[in-house]
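The values are calculated or read from the model by the stated rules, or taken from the named source; none is laboratory data. This is a predicted model, so every value here is computed, not measured. Quick reminder, even Gly has a Cβ in these numbers, built from the backbone with ideal geometry, and neighbours come from all protein chains shown.
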């Protein structure tokens, strides 16, 4: 790319002049240095994109210059690709230098085209690495918070609230349907706080039997009950200095709620079978997919504990209420699972994306993640197609968009739903066959169903279903 900066380091003035002319003709900006010490002094201020250095020079040689750049220079300088120019007899030294971080080496006498290609390759790789780093930073700022993807107004409001509370020790209640990413929000709060070096301890309140709840949270002493064969610390002690994440807190039994309230108020716990109180420094982040206020009104959850936990409430919207984020989430999961499964999938087809937009996602982001993982694992082409999506996503009414559903009206006399759906299905079959000139394989793909399912539907309507 024109204007990229190349620093040439050589003790021979004639070679410096030749290389300057060679690379300036390629559009690069060139500066030279006659010693390694001079080059090292130039780097911080001029910030070259590439260093081309002779291996054998008086004073600081090329290998020592490489070592200085890779170990003692600024972080930016450590990323500068270094190419070594070496005489034939010192190639072994150049190869050894590559183990220390050199990009490549070229032996004298070299061909101009060989050197030009090597420099272009090194600079292209540097540009790619810089672009990737920049994109990762932009994605981190715009779309993600500790692994959470989203840029919709609803999610931006969540991110803003998390950013405001995570530097405090305020208890937070994260509310939202299952699969919306409540634990990711809790982790974002923890790892963005001054407690990030402390433990993050997740506890699923719904998975602990009521009889063991107190022991699991506060620990127990040896012999305090049958099976207590040794002292055991509870989750509160495990989270000391960090964050205790009480997931599905609405499932906490009433018998344990008063003891949790006391632990939060006094910042002390007493193990089952013990007498001494143990101080704990714990921040609480709780999460629920229930309406806790309704549970309080029904007497199923203590009001005082509810207000102790719900100092700040963070509402995570379901996926269907932030459709703007769907494409970004798909791209995020495609990249993740394509790398994990080493698949060639690079994105999603427009048709498959439209189908996903028409699906309500009762399982929210977690369901989308599972759908994309399955699709990436099954897909053999570069894009996820409708055929790679589960039947529940593209079959029946699941593939009808919200706009299409809103236009449907039911007269007072009622309708024949089965008949209307059958007629609609038959029209789609006929149109698909017409658009593909009777090719049933392509028609099935166009409708996002398997060939076997397509043949079954043809038979159902008495249409020709013979083999192709």
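Is it the case that some residue within the stretch 286-300 is touching a helix residue (DSSP H, G or I) at 6+ places or on another chain (Cβ under 9 Å), closer than 15 Å to residue 169 by Cβ and modelled with pLDDT of 90 or more? Yes, the stretch 286-300 contains a residue that is touching a helix residue (DSSP H, G or I) at 6+ places or on another chain (Cβ under 9 Å), closer than 15 Å to residue 169 by Cβ and modelled with pLDDT of 90 or more.
Please count how many residues of the stretch 48-74 are in a loop (DSSP other than H, G, I, E, B) and either more than 22 Å from residue 116 (Cβ to Cβ) or out of contact with any strand residue (DSSP E or B) (no Cβ under 7 Å at 6 or more places or on another chain) (or both).
Matching residues across the stretch 48-74 total 9.
Applying the criterion of at least 1 residues that are under 19 Å from residue 236 (Cα atoms) and touching a residue at least 60 places away in the same chain (Cβ under 8 Å) to the helices (runs of 4 or more DSSP H) found wholly in the stretch 255-369 leaves 303-309.
Checking each residue in the stretch 206-225 for being under 19 Å from residue 247 (Cα atoms) and not in a loop (DSSP other than H, G, I, E, B) picks out 206, 207, 210, 211, 212, 213, 214, 215, 216, 217, 218. Can you confirm whether residue 196 is in the same structural domain as residue 308 (by TED's automatic domain parsing), without any contact (Cβ under 8 Å) to a residue 60 or more places away in the chain and either crowded, with 17+ Cβ neighbours inside 10 Å or not in a loop (DSSP other than H, G, I, E, B) (or both)? Here the answer is no, as residue 196 does not meet what is asked. Could you say which residue among 210, 266, 216 is assigned by TED's automatic domain parsing to the domain that holds residue 182, surrounded by fewer than 19 Cβ atoms within 10 Å (Cβ to Cβ) and modelled with pLDDT of 90 or more? Answer to the selection: 266.
Those residues that are out of contact with any strand residue (DSSP E or B) (no Cβ under 6 Å at 6 or more places or on another chain) and either free of Cβ contacts under 8 Å to residues at least 24 places away in the same chain or not in a helix (DSSP H, G or I) (or both), I need them from the stretch 5-20; list them, please. Quick ask: steps written out before the conclusion?
Looking only at the stretch 5-20, we keep the residues that are out of contact with any strand residue (DSSP E or B) (no Cβ under 6 Å at 6 or more places or on another chain), and these are 11-15, 17-18.
Matches in the stretch 5-20: 11, 12, 13, 14, 17, 18.
State whether one or more residues within the stretch 27-41 are part of a loop (DSSP other than H, G, I, E, B) and under 43 Å from the mean Cα position of the chain (by Cα). Within the stretch 27-41, one or more residues are part of a loop (DSSP other than H, G, I, E, B) and under 43 Å from the mean Cα position of the chain (by Cα).
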